[in-house]
Amino acid sequence: MDIKYQVIIQFFFSFLLCSCAYTTAVSSGASAVYDRHNIQKGVSDQLTSIRTYGTIYVDHKNKYKDTHVSVATFNNVVLLVGQVATEDQKKEIAQFAKEQSDSNEIYNFTTVEKPTSSLIRMSDSWITSKIKAQLIAINDVDPSQIKVVTENGVVYLMGIIPPNQADIAVDVARTTAGVEKVVKIFSYLHVSRKPYLS
């Protein structure tokens, strides 16, 4: 199978797994609109990641064959992590992300070094799974609004959430075994209540 289609299929199934958080039963018209909006955002985010990843590893596959770059997009914020061979490559992938998205927020945390081993990547996946599971178990946090990405022991937290939920998520990540560092890429949601006038 052509690598381009493999990339698309991989991201498609990744989206299906992530979207399960959005497939709760709809009990009102308002919640239906909310769910539809979330799904649309999720699809848009996945397409941005697919296009950026495809530009790196399909359109420029020979140039980046000895690198390991992961692309994560959440709420139109793009995160680039992994390892590249040169500073020029690091700058180029940031440019690719700009070209393939309409986001003004692109965070490039790639490092110039050899790609991580498969063992480290397995550990990263396990760390991400543990953090997600803990967030799901906490009533005061909406896990569907937080994206967790782990690269070489560093945990990146993305989302638009209230400050108190951000603090909880950071604390969960910091106290998870195997985590070396936590990087917050949050936008904070402040809810103000207007006084009721009778």
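The values are calculated or read from the model by the stated rules, or taken from the named source; none is laboratory data. Computed from a predicted structure; not experimentally measured. In this analysis, Cβ positions are derived from the backbone assuming ideal geometry, glycine residues included, and neighbour counts consider all displayed protein chains.
Checking Asn152 against (1) on the phi < 0 side of the Ramachandran plot; (2) not assigned by TED's automatic domain parsing to the domain that holds Thr73, which single condition isn't satisfied?
Going through the list (1) on the phi < 0 side of the Ramachandran plot; (2) not assigned by TED's automatic domain parsing to the domain that holds Thr73, Asn152 breaks only (1).
Given the residues Leu135, Leu189, which is the only one that is crowded, with 19+ Cβ neighbours inside 10 Å and hydrophobic (A, V, I, L, M, F, W, C)?
Working: Leu189 fails: crowded, with 19+ Cβ neighbours inside 10 Å.
Residue meeting the stated conditions: Leu135.
Which residue pairs have Cβ atoms under 6 Å apart, sit 6 or more places apart or on different chains, and have a first residue in segment 152-181 that is more than 13 Å from Thr128 (Cβ to Cβ) and a second that is surrounded by 12 or more Cβ atoms within 10 Å (Cβ to Cβ) and among the polar types (S, T, N, Q)?
Gly159/Gln145; Ile160/Asn75; Ile160/Ser187; Ile161/Gln145
Results for (1) in contact with a Lys or Arg (Cβ under 8 Å, 6 or more places away or on another chain); (2) surrounded by fewer than 21 Cβ atoms within 10 Å (Cβ to Cβ); (3) touching a residue at least 12 places away in the same chain (Cβ under 8 Å), shown as yes or no for each residue.
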position	(1), (2), (3)
Asn76	yes, yes, yes
Glu87	no, yes, yes
Ile93	no, no, yes
Thr116	no, yes, yes
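So which of Ala97, Ala72 is surrounded by 14 or more Cβ atoms within 10 Å (Cβ to Cβ) and in a strand (DSSP E or B)? Reasoning before the result, please.
Values: Ala97 fails: in a strand (DSSP E or B).
One residue alone meets the criteria, Ala72.
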